[in-house]
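The structure under discussion appears below in the form of structure tokens.
Computed from the coordinates by the stated procedures, all read-outs in this text should not be read as laboratory data. What you are looking at is a predicted structure, and each value in this text was computed from that prediction instead of being measured. Methodologically, a virtual Cβ is constructed for each residue, glycine included, from the backbone with ideal geometry; neighbour enumeration extends over all protein chains shown.
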Amino acid sequence: MVEVTLPKTEYEQLRRQAAAYRKFAARFFEIAIYDPVDDIIKDFRKTNLYSEKFLKDLDSGLRQSSYAKKYAAKTAKKRS
């Protein structure tokens, strides 16, 4: 590891910037779009690439997932 020496004012500025970045990044990823499980399944079904068995399994898995438990009541408005 390399040791770097810098003025305390510069260190404090970098520290504040890092804290602001962490706060921004946390909020940015927190406000990602949370689609309802039904909408996710509809999007997969529209592609005609997946079997009904897969879609049913996906639906079941999503409904039991931590994603659904955490965001079920926080779904975003419809995208256009």
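A few notes on this one:
- Rounded to the nearest 20 debye, the dipole size of region 8-74 about its Cα centre is 300 debye, using +1 on the Cβ of Lys and Arg and -1 on the Cβ of Asp and Glu.
- For Tyr34, distant residues with modelled amide H under 5 Å away: Ala76
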